[in-house]
Structures are given as C-alpha cells and as structure tokens.
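Below is one structure, written out as structure tokens; comments come after it.
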Amino acid sequence: MSTLTQAQPGTAVPARLLSVPLAATFLAEFTSLTSFFLLLSVMPMLAAAAGTGSSGAGLITGALLLGTVAAEVAAAAAIRRFGYRMVLAAGAVLLGAPALAMLVREPQAVMVSVSVVRGFGFGLCGVATGALTATLLPPERRGEGLGLLGIVTGVPAIVALPAGIWLAGHHLAAAAAAMAAAVGLLPLVAIRWLPGGREASDTARTGRARSTRGSGRMAGASLRLPLIFAAATIAAGVLDSFLPLAKGIPSNLASAALLVQAITATLSRWQAGKHGDRYGHARLLIPALVVAALGMAAMTMLGSPVAIFAGMVLFGAGFGGVENATFALLIEQRPEAQASALWNFAYDAGYGAGPAVFGLICVGTGYPAAFALTGALILAVVPAALRERKAVASTASASAARVSAALPASTARVSAALPASRP
C-alpha cells in the first residue's frame, strides 16, 4: 500500500496571509495615518487660537481635504508612471516634512499651505498602501486581509486624534507637530521591503474581468460602488462632526459614543472580510446598508443615552461591512491603484461633503430630523447595491456555465491523447 494519502476535500491549507512586504505596507499605512490624525484637530485649534475664528479653522480643514482629494485623483496615474516605492516616498515626505513648520507659530496663510501639502502627501500614501495591500494579499483571503488593514487604520484614529488634542490643550502643540513630522517620515524606512514595480495599465486579472463582465458592466460598477460607499461616509462625517454639537449631549457621552462606533466599525470590517471571502462580498452590501441606516434612525432619540450607544453600535457594524465589501469588489473589477484611488476618493469626498450639507439642513429641521434624513440617504443606495449583487451573481453563473461547457471538450482531448489499451 502506498504511503501517500490523497488530500480530502475541504482540507487544503489556506494561503499564507502575512508576508514581509505586507507587514511593511501595514507599517507605512499605520505611520502615515498616525501623522495625519496627530494634527487633524491641532491645526484648526491653532488657527482659532490665533483669532481667525471658526472660519479660519474650517479653511484649514478644507485645505487638508482639497490636497487629499487632489492626490487621490492623480495617484493611480503616478503609480503607473513611477511605481509604488516612488509614490509612497513622495507621499511620506510631503506628509511629514511640512509639519516641521508648525514647531513655531505661523500665520494662517502658512498653515493653509501646510495643510494642502500634507493632504496631498496623505492622499498619495493612502492610495499607494491600499493598492499594495490588494496586490500582496492572496485572492482567496483578500477580504480578510482588507479587514486587517481596517484594524491597522482604525488604531490611529482611536489613539492619535485624542492624543493630538490633549497635547494642544496642554500647550504642547509643538510636540505634536514634531511627532507628526517624525512619524510621517517613517514610511521611508519600510520602502526597501516593498515591491517597486509600476502597475500595468491592464493586469491579467482585470482582463479576465472585462472579458466576463464587459466594458459596460465595468464602467457601471466602478461608479456604483463608490456611490454606495460615499453614502455611508457622508453619514460617518455627519456623526463625527455634529454629534458632539447636539444640544443636551455631554461631551464625554459624545466622545464615548464615537469611540464605540470606531471600535465597532473596525471589528465589523475585519469580520465582513472573512465572511465575504467565503460567501461573496456583494451579499453583504444590502444588510450592511440597512443596519447602518437603523443606526442613524436611532440617533433621532438624542435624549436617551441607551439609544445613542445602540445607534453607534449599529452604524459602526453597518459601516464596517460597507467599507470592506466595496473595496474588495472594486479590486475585483479594476487594477489595484485605480480601485484604491476610487475608494479613497469616495471616502474623503463623502466625509467632507456630508457635514457641509448637514449643517445647512439642520438649521431648519433640527438634529433628529437631519439624522433621519441622513439615514434615508443610506437607504437610497440600496437599489444600487441590489444591482451590484445581481451583476456579480450573473457573472458567477456565466463563468460556471463556460467552465461546464469546456469540460466535455477537455475530457475528449485527454482521452484522445491516451494510448489505446491492449486487448
């Protein structure tokens, strides 16, 4: 009897998830986000303290967002032209070095310029690390890997943002700037372990997707998925900006609720990735959107702390699911750099536009009604999520049919190639 055993179905060893290049990518993402969040609230605080008021603080944040969105528009082409290493290195320098200007008090014009440049650097880093993560992950565990990326990106928001505010509140804004500069330059250390090749304009994977789905399907999905994600990021921006301002909600309650939301979203994104790898990412879109909308509906009961925390848990769970599913589906349909750029653009555009529009609406409706309208906006993209799910299912059925049709011909060719058996 042979000593060899045949592997049983379902016992295949899963592909290795972590590697040295992926760990280096995670390090670059973690450090760039830490630098970004350290000064995210500090610079508006410095502008307001200098006498510019809320308009000056808003200008600082708007300049940061402008630089970030501009980088996300240009990043995919830059990666094709110069490669991942060069783009990430440029992003790290543009993000970290300008923070040194904030070691001393500067006029508003300088702070606006620093914000634009740092935003551009942050945008380059975000697109490059997102695309690299997608490239380095095994396809069968891509969702889980993107979920781990969500944990990497969630920690700086939970730790660095309040740390920067605490430092500035204790007259240590210069220390926050020095830390942001040093941490922002750390991705340069990780570059040596990263692949430096340029992304091809049309990878083999994308070619397969185009052949099975068609160019019309690709174009439609590339717009549909960012739209779905933007609806969720609009709500996230609204909650982060206006929950602390809602009348009757103590600041410590608002801070705790937003912390619960951030932790829930991070964990939900990780679990959504693992579930999507097994059952399909498109199946998660509609349930995640509905859960997020229910969370926004709970925010109409602002007088109840229990309702606020329940709403934050629900919204965080739904947001994490939408966050991971849309990114994973975009990566299946576009080259990694394009997918990362579209996804990041949807994130920042929605996160920035949501509070601007919400601020105008809530003046006439009040906070509870405005939160309810934001939840309705999330539900408005459910039909788009349904179309995406049907399109993915149709593609899977067509692929299965082609494989089934090819099997008889393949079997016939193998039989013809075998030698005739002896009588």
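Each value in this text was obtained by applying a stated rule to the coordinates, not by laboratory testing. The structure displayed is predicted, hence computed values, not measured ones. Every residue, glycine as well, gets a Cβ built from its backbone with ideal geometry; the counts of neighbours run over all protein chains shown.
What the table shows:
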| read-out | value |
| --- | --- |
| Reciprocal mean inverse distance between Cα atoms of region 215-393 - Kirkwood radius, Å | 16.2 |
| Values of log10 I(q)/I(0), in the order q = 0.11, 0.14, 0.16, 0.17 Å⁻¹, for region 18-199 under a Debye, Cα-only, solvent-free model | -0.45, -0.71, -0.89, -0.99 |
| Distant-in-sequence amide H partners of Leu137 (H built 1.01 Å from N, under 5 Å) | none |
| Sites Ile361 and Ser113, calculated FRET efficiency, Cβ-Cβ separation with R0 25 Å, nearest 0.05 | 0.20 |
